[in-house]
1. Round to the nearest 0.05 the FRET efficiency obtained for residue 73 and residue 270 when R0 = 30 Å and r is the Cβ-Cβ distance.
2. Take every Cα pair under 8 Å in the range 14-161 that's 6+ residues apart, average their separations, divide by the length, and report that relative contact order as a whole percent.
3. Show log10 I(q)/I(0) for the range 14-161 at q = 0.10 Å⁻¹, two decimals, from a solvent-free Debye sum over equal Cα scatterers.
4. Under 17 Å from a point 7 Å along the Cα-to-Cβ line of residue 33: which residues of the range 50-88 have their amide N that close?
5. Beyond a 27 Å Cα-Cα separation, which of these cross-linked pairs lie in this structure: 74/277; 18/84; 277/326?
6. For 330, 211, what's the fewest-to-most ordering of other Cβ within 10 Å of each Cβ?
7. So the label point goes 7 Å from the Cα of residue 344 along Cα→C-beta, right? Which residues of the range 253-273 then have their backbone N under 17 Å from it?
8. Distance from a point 7 Å along Cα→Cβ of residue 226 to each backbone N in the range 160-186: keep the residues under 19 Å and list them by number.
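Each reported figure results from applying straightforward, stated rules to the coordinates on display, with no laboratory input. What you are looking at is a predicted structure, and each value in this text was computed from that prediction instead of being measured. All Cβ positions, even for glycine, are placed from backbone atoms using ideal geometry, and neighbour counts span all protein chains on display.
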Amino acid sequence: MVQTVRTVISPARYVQGKGAIHQLGSFLAQLGSTPLIVADDLVWGLVGHDIEASLKAADLPVNRVNFNGIPSAKEVDRLVGIIKETGSDIAVAVGGGSTIDAVKASGYLAGIRWANCPTVASTDAPTSALAVIYTETGEFEEYRFFPRNPDLVLVDSQIVANAPVSLLIAGVGDALATWLEARATSRSNSNTMAGGLPTVTGTALAKLSWDVLWENALPAIDAVRDHLVTPAVDRVIEANTLLSGLGFESGGLAAAHAIHNGLTAVPGTHGLAHGQKVNIGSITQLVLEGAPTSDLREFIEFTTRVGLPTTLTEVGLRADDAESLKTVADAATVAGETIHSMPFEVASGDVAAALASIERFAVTVRAEAKLPAPVPYTGRH
């Protein structure tokens, strides 16, 4: 059915600030009485003490289960079983995008509320009403859509600043794509992940995310290298998490994320962060659009300075590896992929050619701007 309505969706409450983790219990107490905390051992070792103290102060029980690493259908079903066994009434993700997607999917299937406490600002997953499900070996499998967004998203800025700076950089890559894709969706008047046509609000928030990042990303990244929270850091966290989340969901996705999904079909890219692969998708989308050379050059220079990959070499591919590029392009253009929200038809061959073309151009741009030469990516970080 062709959609004729426009809609915007959002989480019920968004909380962000230095020390916000200490208020997690009081906000959860407004939603339920038996939370199930889902976090991997590494994350729990870093923030578990603060979360336990916050829950106890709010007279909530502390019940934590380990997350096994990939938001696969099997992992989601495992968490559903634990939710039912424990009688939990709210599922709480503590960690990164993979943990958050698994909790959203399991909370929905179990029929309870769900909340997110991201410890990094590496993706816009925390605010959305969808989860990305992967196979157990890391290939993109499907999007799962839910009838509502999370009941709570709580971000402690200091915890984000304490995390490796590479994760904030990856979040910038994910968030920069938001405006490029929302702009394309607006031009084609295609449906968004919110279940209707794009709203002025969703498109404007996507553009605001872009503007905030171009102004604040570089100083924020430098501050986080020293684990400092500055106004620029807080703005980038909000842009990566809230603005990008609202912008992609109610503004629309297009080629950049479809190409990301295509890249997951090549095993050699699996160790890369989501936002790193998305940045290659953004550059490829600009090529597909026939963007002005000045725009493409500026984007490559800026994202290189941010620390994002701008060449195939940096994501483990080669321009002359036609077979791998075809694999990526075929997966990016399957029926139902968001690349079909572009304001023109895009075929697999178009994507393969655009991908192959960025290598030589990006290397030239970087050399002329006296930026570092690409370092080949050879496997997991």
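1. Taking R0 as 30 Å, the efficiency between residue 73 and residue 270 is 0.95.
2. It comes to 28 percent, rounded to a whole number.
3. Summing over Cα pairs of the range 14-161 leads to -0.28.
4. 56-63, 86-88
5. Where the Cα-Cα span goes over 27 Å, the pairs concerned are 18/84.
6. 211, 330
7. It comes to 254-256, nothing else.
8. From the range 160-186, the list is 160-166, 168-169.
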